[in-house]
Amino acid sequence: MELAYYSDYAVRLVNTEEPLRGTDTLTSVGAVRDLFGGNQSAARRATDADVTRFRSVRGRLRAVFEAADGGDETLAVDLLNSLLLEFPVSPQISGHDFRDDDGRPLWHMHLADHPSNATAGYAAIAAMGLAFHLTEYGVDRLGLCEAAPCRNAYLDTSTNRSRRYCSDRCATRANVAAYRARKRLEADRSANTSRTDENSQRTSATGEN
């Protein structure tokens, strides 16, 4: 499993809150456990105390995305480094569940869960995954959705670094909003032109009289 895969842990946690909408789904230990996905052994370690701790880590991870999205590369790296220092990982070579044609393990790097508590384990994996993604693809690949009021985090994996939205749904909504805005502008310009023509005609008629 590629280590950059773990960057999705950071995205999942950040997107449990939408500040501009005032929504937050990280309100219970069950919500914390859901973030672990298939890693149920780690999820079972979560307790009620992890809800508050997860929210704290979430704010720090969002700050990384905000700095990257705002073009402050150094700040994004500094914030991420502080998380890496606080939540170190334990990399291990693993071959579970992957076998070649001869039945031998297909060895790959794996980030072991931190044994102390659920938050430390999740934060370590999320920070390291994000760090691998950042160094492999660039800071500008960390973004926040431009379809206000969404602002969900995303990882840009497009070939031309063109991604601006967290999902197709937000992209469609933004395109529709932009289309309607253009139509309103065209209508306003047409109305202004019509009024200008009418005023010109009145002025011309007054002059003739």
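The values are calculated or read from the model by the stated rules, or taken from the named source; none is laboratory data. Since we're looking at a predicted model, the values are computed, not measured. All Cβ positions, even for glycine, are placed from backbone atoms using ideal geometry, and neighbour counts span all protein chains on display.
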Subset of region 97-139 [on the phi > 0 side of the Ramachandran plot and either of a type in the set (A, V, I, L, M) or at pLDDT 90 or above (or both)] = Gly138
Whichever residue in region 27-44 is within 22 Å of Arg151 (Cα to Cα) and crowded, with 17+ Cβ neighbours inside 10 Å and, among such residues, is farthest from the chain's Cα centre (by Cα) = Val32
Selection within region 17-44 - part of a loop (DSSP other than H, G, I, E, B), at pLDDT 95 or above and not aliphatic (A, V, I, L, M) | Thr25, Thr27, Ser28
In region 43-67, which residues are of a type in the set (D, E, K, R) and in contact (Cβ under 8 Å) with a residue 12 or more places away in the chain?
-> Arg45, Asp48, Asp50, Arg53, Arg55, Arg58, Arg60, Arg62, Glu66
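Could you look through region 45-74, keep only residues that are assigned to a helix (DSSP H, G or I), among the aliphatic types (A, V, I, L, M) and more than 17 Å from the chain's Cα centre (by Cα), and pick out the one that is nearest to Gly143 (Cα to Cα)?
Looking at residues that are assigned to a helix (DSSP H, G or I), among the aliphatic types (A, V, I, L, M) and more than 17 Å from the chain's Cα centre (by Cα), I get Val51.
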Exception for Trp107 within (1) touching a strand residue (DSSP E or B) at 6+ places or on another chain (Cβ under 9 Å); (2) closer than 30 Å to Ala148 by Cα; (3) aromatic (Phe, Trp, Tyr) falls at (2)
